[in-house]
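Novice: Below you'll find the structure I mean.
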Amino acid sequence: MNPVAFLLGLLVLAYLGSILVGGRAIRGFGLPSGAEYLVLGFVLGPQVLSVVSRSLVDSFQPVVLVGVSWLGLVLGVSYLRVGTRRVPVPHLLGGIALSALVSAAVSTAVYFGAQHFSKLSRLETIAFAAVAGLICSETTRHSVRWVVERHGAKGPLADIAADTARASALFSSLALSVVNAWLPGAALPTFTLVERALVAIVLGIVLGFTAALLLGREFRRDESWGILLGTSLLGTGAAARLNLSPLSTTFAMGLTLVLVSRHRAYFKAMATPTEKPVLLPVVLLAGAMVNVRLPLVLLALVGAALVAKLMARLFCGALLSLSVPSVQNARLEFGVGMLSSGALGLAVALAFGVRHPGAVSDAVLLLAAVGVLVGEWLGPAALRRALTIAGEIGPEVPPPASEPGSLERPT
Amino acid sequence: MSGHGGAKKTAATRAIQAASLVLTFGVLYGVTRVTPELESHLGTVTAVGILLLAGTLMSELLETIGLPHLSGYLLAGIIGGPHVLHLVDHHTVLELSPVNTLALSLIALAGGAELRVDTLRSVARSLAWATLIQSVLVLTLVSGTFLLLARYLPFVQGFSFKQILGVALLWGVLAVSRSPSACLGILSQTRAKGPVATFSLAFIMLSDVVVVILVATIMMLARPLITPGGVISLDDFNVLGHEILGSIAVGVTLGLGLALYLRLVGRQLLLVLLAIGFGLSDTFNYIHVDSLLAFLAAGFVVTNLSNQGPQLLHAIEQTGSVVFVVFFATAGAHLDIPLLRKLWPIAVTLCGSRAVFTIIAGRISSRIAQDAPLLRRWGWSSLVSQAGLALGLSTVIVKAFPTFGEGFRALAIAAVAINEMVGPILFKFALDRSGETDTHEPEARPSLSDAAR
């Protein structure tokens, strides 16, 4: 396929994505994780129809890098709030702890599986285990929002679900910087691993401060895009060139920006409507990059990771039920309901693929893609059931969200 | 392009901007020194980031001394580019060509959308005289200057007088090309309204068509003078006629489609503009349609055959706020400073004479057309800038006359570099002095994300 035609196709997808930003559309059209675009990419890609060749997909790697990094920025900017409600600190800490727990469980399963049943090198084994854990630690907030909005859910369980999903982004976004700093080829060889990992995050913090400082005094709206895009691209490019993690850099930048700037609401309103238009082309490209022709042992490890994720989520549901009364009667459903993964998992897999291409990164991307599909299949239905059991789903669907650009449920 | 108005900035803000700019350049320069393997390839993504951030900051800083934002973007590109700090290399500059394509299509679309029939009618007399006199007088006098300076030009040494005359005519036609991008850039920043702004916009947009015709005519006349045994052929006109008519037809169709879309849907304009800029420009090139003319016609149709013009202009302005910064900063990075250093005496003389003849022609045409005093005084100010169009024409000339083309092009690049830097400053100065610059703070304007909706 001609690159220009492919680019136009991606723009059309972005167009569709921007339509899906509206609150009305999200309840009635499309899947919460954008899984249909993942499948579309896979079908068009070299594994099935070959309409989009591997070399063409590879030539769009800078687009993937920028898209992934922009998603990181959006996640950072929107991290601390669900709608107009600030995520309580205990919920944040709990969400981060749960995602770390899931990550550890999946990493352990993959590590021992790979060590015993595969001939992967030690480096590949550790990298696979670590990134598989990061991918599985995410719960996509879109899935939670989709269920909550579609069914008009309101109550403590809905809040816990939204907050936990929101909080889960931090762990994988920042921990990826450690993986990238650890992999061979990272710049700054005289630095220790922790220092290299911190460079990516500190770069994001410095850029976030710079952007906040530049825009924070006599604020001009029309220069804000130049500053915001410029700093994020600078961070993305610099981190990528140093073989560090651009996703971590932009996430840290977004988070810093909303923490220190008094215009945080404006930045959030600016960035969030761009998420879907960026996300869908990236998801399509991810689908086209998925490679299922992998050694059997890698496919088995992908399966093992998914099983470990399911078990870990069920454990998390049980764990939450000990401290949160609304989860007690629906711990199984809640655990499965938090299985949904989406943009961040794919972004982590894509970022890893850019950094460390090969069979392991193919397996990691496959894990992310299958995780999205499985999560899509099980997650929303289970979450709906949990909310029904908790009595938080009302009999009637409320009117559409009044704010067209909002990605959050109305509060 | 950043708007002119907004909250007034304090000295502390300017200090922060200056510190950020120095820090951005300094840190990246330091990184490329510490890790030399990164020096020549910081990457396209980083390059866009540098150009965007440094361009925005530099424009803000130069604003304090009354210089246009466009000069800030150019200067940021020059400093970050391959000839100064080498943060953006030649290869990366070439890789950014899709941004140029997008920017030029947006510029042409906006240019067309700014041209209203009633406005054109009001300045028709001035336009007609200015087009005639600027074309004839500037072409003749600049060609004459070139003839006088020919002995100092290495690429015409050994040529007969007839051949030098042919080359001089080609230089003359290059001199009558203007820069639509610079004109729109300055007007967008200053939000100027008045006779100088209206005349400048109309003249420069129409001169695009005039120059295309003039180039074909002069090349047809120059060929027998330069090439022994060459004959005048009307084939060029045949091709040109098809191209112009085809471009207008395609542009009108696109304009009607756009107007319909704006009326029926009117959302996600950012993405529509990106699709048009990236997708259609290539398609137009493929079918030998002049994309600048086609987009100009499309914008003109949207404004004059529907009431969607303001909506289109607003969306272009929002999209352009980022694209134009990168476009002009890339142009700055593209400037060949060593070549300019080598050819500056002759290039400055040619540019100076062009500017003087442009002013004289402007005064004469204004007098004949009985223009308002303001237009008589400042009407020429937008006509000094040159940019991509002149460089594009020089490439056409290189292809048509390979025997001297490369030397000719080098001189053209040097001259365009000077006009590109000086022209926008003159135009903004004129708009400020004529009182057409909008000094009021605009109402809080929506952001780029609105264009995405």
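The values are calculated or read from the model by the stated rules, or taken from the named source; none is laboratory data. Model, not experiment: these values are computed from the prediction. When we count neighbours, we look across all protein chains shown, and the Cβ atoms used for this are built from the backbone with ideal geometry, even at glycine.
Novice: Residue pairs, Cβ under 9 Å, 6 or more apart or interchain, first in region B:155-167 and touching a residue at least 40 places away in the same chain (Cβ under 8 Å), second assigned to a helix (DSSP H, G or I) and of a type in the set (D, E). List them.
Specialist: Pairs found: B:F155/B:E406.
Novice: As an exercise: evaluate A:R262 against (1) closer than 25 Å to A:L213 by Cβ; (2) assigned to a helix (DSSP H, G or I) and give the number of the one condition it does not meet.
Specialist: Of (1) closer than 25 Å to A:L213 by Cβ; (2) assigned to a helix (DSSP H, G or I), only one is false for A:R262: (2).
Novice: Only one residue in A:A187, A:A162, A:A167, A:A211 is more than 20 Å from the chain's Cα centre (by Cα) and crowded, with 23+ Cβ neighbours inside 10 Å. Which one?
Specialist: A:A211
Novice: Kindly indicate which of A:T236, A:T250, A:T274, A:T231 is in a helix (DSSP H, G or I), within 20 Å of A:V64 (Cα to Cα), touching a residue at least 12 places away in the same chain (Cβ under 8 Å) and more than 7 Å from every other protein chain (Cβ to nearest Cβ).
Specialist: When all the criteria are applied, what remains is A:T250.
Novice: Determine whether B:S122 is surrounded by fewer than 21 Cβ atoms within 10 Å (Cβ to Cβ) and either small (G, A, S) or modelled with pLDDT of 85 or more (or both).
Specialist: Criteria met by B:S122.
Novice: Also, I was wondering about something else. Within region B:263-282, can you find the residues that are surrounded by fewer than 21 Cβ atoms within 10 Å (Cβ to Cβ) and more than 24 Å from the chain's Cα centre (by Cα)?
Specialist: B:R263, B:L264, B:V265, B:G266, B:R267
Novice: Another question, if that's okay. Please work out which one of (1) within 24 Å of B:I226 (Cα to Cα); (2) in contact (Cβ under 8 Å) with a residue 60 or more places away in the chain; (3) surrounded by fewer than 17 Cβ atoms within 10 Å (Cβ to Cβ) is the condition B:I360 fails and give its number.
Specialist: So B:I360 meets the others, but not (1).
Novice: Report, ordered by the first and then the second residue, all pairs with beta carbons closer than 8 Å, sequence separation of six or more or different chains, a first member in region A:103-115 that is closer than 9 Å to A:S137 by Cβ, and a second member that is among the charged types (D, E, K, R).
Specialist: That search, which allows pairs on different chains as well, returns A:V106/A:K309.
Novice: A further question on this structure: Return the only residue of B:A400, B:A417 being surrounded by fewer than 18 Cβ atoms within 10 Å (Cβ to Cβ) and in contact (Cβ under 8 Å) with a residue 40 or more places away in the chain.
Specialist: Values: B:A417 fails: surrounded by fewer than 18 Cβ atoms within 10 Å (Cβ to Cβ).
Being surrounded by fewer than 18 Cβ atoms within 10 Å (Cβ to Cβ) and in contact (Cβ under 8 Å) with a residue 40 or more places away in the chain holds for just one of B:A400, B:A417, which is B:A400.
Novice: Tell me the residue from A:P357, A:P410 that is part of a loop (DSSP other than H, G, I, E, B) and at pLDDT below 85, please.
Specialist: A:P410
Novice: Find the residue count for region B:283-317, including only residues that are surrounded by fewer than 18 Cβ atoms within 10 Å (Cβ to Cβ), within 14 Å of chain A (Cβ to nearest Cβ) and assigned to a helix (DSSP H, G or I).
Specialist: 4
Novice: Which residue, of A:R166, A:R241, is within 14 Å of chain B (Cβ to nearest Cβ) and of a type in the set (K, R)?
Specialist: After applying the criteria, what remains is A:R241.
One line per residue, one yes/no per condition, for (1) over 20 Å from B:L389 (Cα atoms); (2) β-branched (V, I, T); (3) under 18 Å from the mean Cα position of the chain (by Cα):
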site	(1), (2), (3)
B:A76	yes, no, yes
B:T101	no, yes, yes
B:W129	yes, no, no
B:S143	no, no, no
B:R151	yes, no, no
B:P154	yes, no, no
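Novice: Given the condition within 14 Å of chain B (Cβ to nearest Cβ) and surrounded by fewer than 24 Cβ atoms within 10 Å (Cβ to Cβ), answer yes or no: does some residue in region A:286-301 qualify?
Specialist: No; the residues of region A:286-301 include none that is within 14 Å of chain B (Cβ to nearest Cβ) and surrounded by fewer than 24 Cβ atoms within 10 Å (Cβ to Cβ).
Novice: If we only count helices (runs of 4 or more DSSP H) wholly inside region A:36-132, which ones have 3 or more residues that are surrounded by 15 or more Cβ atoms within 10 Å (Cβ to Cβ)?
Specialist: So the answer is A:61-77, A:89-117.
Novice: Could I ask something else about it? Name the residues in region A:315-331 that are assigned to a helix (DSSP H, G or I), in contact (Cβ under 8 Å) with a residue 12 or more places away in the chain, more than 16 Å from A:V144 (Cα to Cα) and aliphatic (A, V, I, L, M), would you?
Specialist: Listed by number, the residues that qualify are A:A318, A:L319, A:L320.
Novice: Turning to a different aspect of this structure: With the requirement that a residue be closer than 14 Å to A:T139 by Cβ and surrounded by 24 or more Cβ atoms within 10 Å (Cβ to Cβ), what does region A:347-375 give you?
Specialist: A:V348, A:A368, A:G371, A:V372, A:G375
Novice: Still on this model: Which of the residues that make up region B:185-228 are hydroxyl-bearing (S, T, Y) and either in contact (Cβ under 8 Å) with a residue 60 or more places away in the chain or in contact with a Gly (Cβ under 8 Å, 6 or more places away or on another chain) (or both)? Give the derivation first.
Specialist: Step one: of region B:185-228, the residues hydroxyl-bearing (S, T, Y) are B:188, B:190, B:198, B:200, B:207, B:217, B:227.
Scanning region B:185-228 gives B:S188, B:T190, B:T198, B:S200, B:S207, B:T227.
Novice: Next up: Quick check on B:R354: is it buried (at least 21 other Cβ atoms within 10 Å of the Cβ) and not hydrophobic (A, V, I, L, M, F, W, C)? Working first, answer last.
Specialist: On the way: buried (at least 21 other Cβ atoms within 10 Å of the Cβ): yes; not hydrophobic (A, V, I, L, M, F, W, C): yes.
Spelling it out, B:R354 is indeed buried (at least 21 other Cβ atoms within 10 Å of the Cβ) and not hydrophobic (A, V, I, L, M, F, W, C).
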